[in-house]
1. Return the only residue of B:Ala409, B:Ala392 being of a type outside the set (S, T, N, Q) and either within 20 Å of the chain's Cα centre (by Cα) or crowded, with 24+ Cβ neighbours inside 10 Å (or both).
2. Has segment B:159-176 got at least one residue that is closer than 30 Å to B:Gly373 by Cα, outside any strand (DSSP E or B) and away from chain A (no Cβ under 11 Å)?
3. Quick check on B:Gly361: is it in contact with a helix residue (DSSP H, G or I) (Cβ under 9 Å, 6 or more places away or on another chain), more than 10 Å from chain A (Cβ to nearest Cβ) and either surrounded by fewer than 24 Cβ atoms within 10 Å (Cβ to Cβ) or modelled with pLDDT of 95 or more (or both)?
4. Between A:Thr180, A:Thr210, which is hydroxyl-bearing (Ser, Thr, Tyr) and modelled with pLDDT under 95?
5. I'd like to verify a number: residues in segment B:597-623 that are within 14 Å of chain A (Cβ to nearest Cβ) and either exposed (fewer than 13 other Cβ atoms within 10 Å of the Cβ) or more than 21 Å from B:Ile516 (Cα to Cα) (or both), how many?
6. Scan segment A:232-244 for residues that are in a helix (DSSP H, G or I) and in contact with a helix residue (DSSP H, G or I) (Cβ under 6 Å, 6 or more places away or on another chain) and jot them down.
7. Take B:Glu282 and decide whether it is among the acidic types (Asp, Glu) and either surrounded by 23 or more Cβ atoms within 10 Å (Cβ to Cβ) or within 14 Å of chain A (Cβ to nearest Cβ) (or both).
8. Of the residues in segment A:335-358, how many are within 13 Å of chain B (Cβ to nearest Cβ) and either more than 20 Å from the chain's Cα centre (by Cα) or not in a helix (DSSP H, G or I) (or both)?
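The values are calculated or read from the model by the stated rules, or taken from the named source; none is laboratory data. Just so you know, these numbers come straight off a predicted model, no measurement behind them. All Cβ positions, glycine included, derive from the backbone under ideal geometry; neighbour counts span all protein chains shown.
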2 protein chains.
Amino acid sequence: MRYKITFQPMGKTVEVEEGTTVIEAAKIIGVTIDSPCAGRGRCGKCRVIDQTGKGLNPITDQEKKLLSPQLLARGFRLSCLARVIGDCEIFIPAASQLETGKILTSGLIPLGTGEIKLSPAVRKRFVRVERQTLQTQTSDLTSLKIALKASGEKVSELKAGLDVLRRLPVILRDADFEVTAVMRGDELIGVEVGNTENRLYGLALDIGTTTVVGSLVNLITGGEVAVSSEMNPQAVYGGDVVSRLTYAIEREEGLDALNEKVVGVINKIVDELIILSGVDRESIYDVTVVGNSAMHHLFLKIPPHHLAVLPYVPAVSDPVDAPARKLGIKVNEMANVHYLPNVAGFVGADAVGVILATGLGRRKGLTLAIDIGTNGEVVLSNGERVMACSTAAGPAFEGANITRGMRAAPGAIESFRIKENGEIDIKVIGNNTPVGICGSGIFDIVAELLRIGVVDSSGRMRRREELEGKLPEALIERIVEDETHGLSFKVARNEEEQILITQGDIRQVQLAKGAIRAGIEVIMKEMGVKADDLDEVLMAGAFGSYLHKESALRIGIIPPVPKDKIRFIGNAAMVGAKMALISSDMREEARRIARSVQYVPLATNPEFQTYFMEGMLFGASEI
Amino acid sequence: MRYKITFQPMGKTVEVEEGTTVIEAAKIIGVTIDSPCAGRGRCGKCRVIDQTGKGLNPITDQEKKLLSPQLLARGFRLSCLARVIGDCEIFIPAASQLETGKILTSGLIPLGTGEIKLSPAVRKRFVRVERQTLQTQTSDLTSLKIALKASGEKVSELKAGLDVLRRLPVILRDADFEVTAVMRGDELIGVEVGNTENRLYGLALDIGTTTVVGSLVNLITGGEVAVSSEMNPQAVYGGDVVSRLTYAIEREEGLDALNEKVVGVINKIVDELIILSGVDRESIYDVTVVGNSAMHHLFLKIPPHHLAVLPYVPAVSDPVDAPARKLGIKVNEMANVHYLPNVAGFVGADAVGVILATGLGRRKGLTLAIDIGTNGEVVLSNGERVMACSTAAGPAFEGANITRGMRAAPGAIESFRIKENGEIDIKVIGNNTPVGICGSGIFDIVAELLRIGVVDSSGRMRRREELEGKLPEALIERIVEDETHGLSFKVARNEEEQILITQGDIRQVQLAKGAIRAGIEVIMKEMGVKADDLDEVLMAGAFGSYLHKESALRIGIIPPVPKDKIRFIGNAAMVGAKMALISSDMREEARRIARSVQYVPLATNPEFQTYFMEGMLFGASEI
């Protein structure tokens, strides 16, 4: 019998004999599925996805051994073991195709000062090792080193740890002496069966107080393969860093509990990235991390007692390298985790990531960069000096502590406009039914309510009676009040309910923007500059892609500057983490940045409180 | 009330007021007991031994926390917490006294080619760290590095692992910012409270097939502090390396079981060394190991499958460095274990240790060295080329597989002579009642029985009737026969029983010496030299210190050479391990040796079998 097999995403169909393996069928349409063990069912890497759940032989025992239950549940099969027994449709993930060598740096460096040379910390080399004889009598490691040397590797200093040595004799013979060596610096960290040179991945992590984001990057091409984010589950111990540090310090098992939460969510993100991409866990050989100083201590499980009290001393500001296994991160067990350096106090590796991604300090002119998160970092550079501070903004702009707030995900209102006739124009991520409001939507809503006078310059929401005759009736009717929410404004509604913004939400926004604005004022004063001197204002953060410059200016989170001086740069801290992931030079640059940035402490600055009080106020409305 | 306190080993007595601490009392007689925490009962290092169990206050809770139950059972106390409440006698272990800086290399390098410069892999530096302020804002690690730099350490590349970072904030403040940094290369591996610069110890291990020896070395002075040995409990899985490798390969948990045995006995030896010396476990920061290739794989838990079959390929011949913690060795958890390099086949790090200790390859003339153990290593050097082979001698010369064999310990007959009048002259270790026979005694007994004709040149023991009239009656009466032992010779007796050497024991000796002699013949032939060409014959092994050259020559374990060419050099492999422990240069030298030595395989050498058959024979008797 012959059956039809359709391959996606190519959309090509071919007819094959019953019993043909998927890998053979793919060859007919000209797609080479990468199979390091040469189709012997040993390496578990030639993964494809069975789209319809029919037309293939039952899952073999070997596949059950090599694929996790989660992957099997998602339809993953090994193409050398899956055989056609009926019409079927197969999806080939990019990770299973032999790469074409295309460099995919799009979106990686929005403001880079030049091309980044790919120079990941881990490299691979495929070699054929000569079998030993009684005459040669070389050890397994020496034989491998001889083959590596012949292929051009410098091996005289190459060292192998116990884990690799314990596996080497078996792998070498399993692979018929054809293996891929995985190296980091002068250390042999892995030996894989067959040629796996094009399977080398890294994980970049941005551990935010409220949101944790992971990006899986192909270290051969530099391209991002998949991205995934989750709320930071440490939030159950407090929404801000201070309450979490307090928990860690005051409870006996506090640090362990907070550490488990963040490690757990990172492993969840890794699982998601694996399922999204088809990349196997063992091919993830490197990890870089950014996050503020508190996240740093909690993730690395370093007692944060002295970070929480004056003079706010972190245990370490140098970059930290530690085995992924030791940190509990479930990627290749020999992977290293590189936490980018901290500056001082709460100005952590996330700020360093922003500076790295934006090239601040190497850019001419006076540039202000703010990274809007639960801790808001403010960086000011005049091209020579770079100053930074950290403000406790709270999570309002990440959608937390806001009645209907949510992160930038499908269903989130990310843009909000009030037309002259009083009609409302909203954009919802994924064009879905609105279910909540993300950061950029919160910006817009507050800005628009300020513009039309529903909110006054003190942040007070006006009642219907105060606005009678001044606004279209349709707008006035949106102002409501009930016991649960107090005074509120109806932003939108879905089939079931109203989506409100409340007086309380406005106060959260005031606190957040007030803190960041005060940080900006302090730091500008420290450098002796004024808003008019600013050449550029860069706004970073994970608040959706539709942030309107007018809204940012209206709510006053940044000083008044011409609109064309403002740029939104997305999650720049994460971009910094990715740059450090694909380039060892960028790790060095990050280290240089952390040492050269001047830290501006706010906690003991008497002017900060004054600026903060002023910063919470809004400008006058237009109407 | 005033009481007398006597200090040992000084033998000095002083009278003090009731309640005086031992550390204060010692000061009066001019002995400064080292107390890094300045007598605050925090560091647990000012250990003394209560010799009489009376005259001191009851053990305090803090002592129970800082001293193990084993140490407490042995009378250990902390001199800053132990107070005089009656007459007492106190022993101060060397480890608790402030060192005088004397270099104790005696016995360390029997045949070294020069002075060894002390350059251990780990170093310590005491510093006073400046407390941070809001102005300085330096992290704990940076503050420590600044202090280290001021004291002359190169710190720009100094890295700290997660374990140290996790402890640093707490230790720094516990110590009031006065700490000792422990460094290995460019890595910060420890931070200790107070000044502990003179407490730095290393452990040298010789893992023999039959005997495991540990030596505790003071890395500041180079002197040996204590030594301890135990039988290798892997013997329950077979006395020789082949049966152990077979067990490791054929049983699912075989490798784990063998590994557990050797790790267990090493930890037992460490416990003994700690009790013998008073050194605290945490001060042992480095470990070096020698042993044959099979012991190497079993200790490091590397699958030995390919070592056991042709062409006998070890996984690694380079030196292996691994964390002590990972190997389960209970010393400081940041200690490194350095297993010296292997040559090839079964010629392992023990042979490298012998070559290092004897300076073979750098010595002029033709030198033969044999290391008599269960695997007997044979090394031949003409001053330029060095050749080595390994023979399966069996454990006879370590006292195993011999009816009354035992290791060189109190009660062992280590020397045996038959006088002209037939009287027997024996030496027993410790002048104790004889309970068994150690290696040197076995050498002597077999040699003497050969000399007087009780054993013939084929190794057969003669019956009484064959010797009538040729030997004094007293000797003839010592020849006995029973069902259990067969034909035997009464060597000595203690109060309870006879100590016999049996026909079977003689056969074990023949096998052992035949194998080693055959190895010598093969290797001499390979180099194209004869016995007459030999300038020196070095005999190493753990067989007691009374080995007689005549006995070695008589039983023919070595070729016939003039007596003055023979030297006994003790446990040279262990000396090599100690040299590598106190000197990084010697580690490099060991690496050079392992690469340059020419391995001579015996297993497939057809002449080896012939030499072995010949080698088992003895020469003619004198009588």
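1. B:Ala409
2. Within segment B:159-176, none of the residues are closer than 30 Å to B:Gly373 by Cα, outside any strand (DSSP E or B) and away from chain A (no Cβ under 11 Å).
3. So B:Gly361 passes the test.
4. Values: A:Thr180 fails: modelled with pLDDT under 95.
The match here is A:Thr210.
5. Filtering segment B:597-623 for residues within 14 Å of chain A (Cβ to nearest Cβ) gives B:597-606, B:608.
Now drop any that are not either exposed (fewer than 13 other Cβ atoms within 10 Å of the Cβ) or more than 21 Å from B:Ile516 (Cα to Cα) (or both), which leaves B:604, B:606.
The qualifying residues number 2.
6. A:Pro233, A:Gln234, A:Tyr237, A:Val241, A:Arg244
7. no
8. Here is the first cut: in segment A:335-358, the ones within 13 Å of chain B (Cβ to nearest Cβ) are A:336-339, A:341-349.
Still in the list and also either more than 20 Å from the chain's Cα centre (by Cα) or not in a helix (DSSP H, G or I) (or both): A:336-339, A:341-348.
Number satisfying all stated conditions: 12.
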